[in-house]
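Engineer: Mind looking over this structure? Questions follow.
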Amino acid sequence: MKLIDTDETVVIVTGSDIRAEERDRPSAYHLKQEIDRRGGGQAFRRGVVVGDAWFLDNRVFHLNPAIAVGGPGVNGLSQQLAETLPVVWRLEERVFVQADLAAEVKRVSLWGVDAAATAQAVETFISQGFLDDLLGRIWRFRSGVFV
C-alpha cells in the first residue's frame, strides 16, 4: 500500500536528538495538522513528521517537498539548507523563515534561536500565507490525476 506521494505529501523534518524531540516536535505536529486540514482528506495531501537522521538516510524521500523545523544546531536538514535557502521572513535575528518555493523540489526551513522562536517561525509560516503558497504550488491540478 502506498503511503505517501512524492508530489503531494509534505515531509516535515525535525531533529533526532532529545532536545529537538522535546522542543520542536510539538511545532512540527501543529504544522502537520494545518497541512492535513488543508488537504481536505485527499489521500496523499498531508504531512508526515520524521526525524532528520531518517530523512537524510532515505534518499527516496528527498523528492518530496520538505519542511525542516528547528535550527541548524539541532536539525541536519536545516543545517544543509542554512546556506542555500533565501530568508523570506525574519524577526530581529531571532526567528527565521527560509524557503525556495519556486524550485522543482520545494524546501523550507523554519527555525529560531530557541524553541519559542522556532514555534513563532512555524506560526508565521502558517499565518502569513507561506503555507498556502507552498501547498498551492505542489497541489495544483496535474494532468492524469483525478480527484
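The values are calculated or read from the model by the stated rules, or taken from the named source; none is laboratory data. None of these values were measured; they are calculated from a predicted model. Please note: Cβ atoms are built from the backbone with ideal geometry, for glycine as well, and neighbour counts cover all protein chains shown. Calculation scope for accessible area: heavy atoms of the full protein, side chains included, ligands and nucleic acids excluded. Shrake-Rupley method; radii C 1.70, N 1.55, O 1.52, S 1.80 Å.
Engineer: So, of the residues in segment 99-118 that are part of a loop (DSSP other than H, G, I, E, B) and of a type outside the set (A, V, I, L, M, F, W, C), which turns out to be most open to solvent (accessible area, probe 1.4 Å)?
Structural biologist: Among those that are part of a loop (DSSP other than H, G, I, E, B) and of a type outside the set (A, V, I, L, M, F, W, C), it is E104.
Engineer: With respect to V48, is the statement that it is more than 11 Å from the chain's Cα centre (by Cα) and modelled with pLDDT of 95 or more true?
Structural biologist: Criteria not met by V48.
Engineer: Identify the single condition in (1) more than 13 Å from S27 (Cβ to Cβ); (2) without any contact (Cβ under 8 Å) to a residue 24 or more places away in the chain that A116 does not satisfy, given that it satisfies every other one.
Structural biologist: (1)
Engineer: Another question, then. Count, please, the residues in segment 67-90 that happen to be open to solvent by 60 Å² or more (accessible area, probe 1.4 Å) and either more than 18 Å from S127 (Cβ to Cβ) or in contact (Cβ under 8 Å) with a residue 12 or more places away in the chain (or both).
Structural biologist: 8
Engineer: Of all residues being open to solvent by less than 50 Å² (accessible area, probe 1.4 Å) and among the hydrophobic types (A, V, I, L, M, F, W, C) in segment 28-51, which is nearest to W139 (Cα to Cα)? Just the residue, please.
Structural biologist: The selected residue is I35.
Engineer: Follow-up. Residues in segment 55-66: is at least one open to solvent by less than 40 Å² (accessible area, probe 1.4 Å), under 18 Å from G129 (Cα atoms) and modelled with pLDDT of 95 or more?
Structural biologist: yes
Engineer: Surrounded by 15 or more Cβ atoms within 10 Å (Cβ to Cβ), of a type in the set (D, E), touching a residue at least 12 places away in the same chain (Cβ under 8 Å) and within 22 Å of D5 (Cα to Cα), is that true of D132?
Structural biologist: For D132, the condition - surrounded by 15 or more Cβ atoms within 10 Å (Cβ to Cβ), of a type in the set (D, E), touching a residue at least 12 places away in the same chain (Cβ under 8 Å) and within 22 Å of D5 (Cα to Cα) - is not met.
Engineer: Can you tell me how many residues within segment 1-25 are over 16 Å from R38 (Cβ atoms), open to solvent by 20 Å² or more (accessible area, probe 1.4 Å) and either in contact with a helix residue (DSSP H, G or I) (Cβ under 9 Å, 6 or more places away or on another chain) or charged (D, E, K, R) (or both)?
Structural biologist: Residues in segment 1-25 being over 16 Å from R38 (Cβ atoms), open to solvent by 20 Å² or more (accessible area, probe 1.4 Å) and either in contact with a helix residue (DSSP H, G or I) (Cβ under 9 Å, 6 or more places away or on another chain) or charged (D, E, K, R) (or both): 10 in total.
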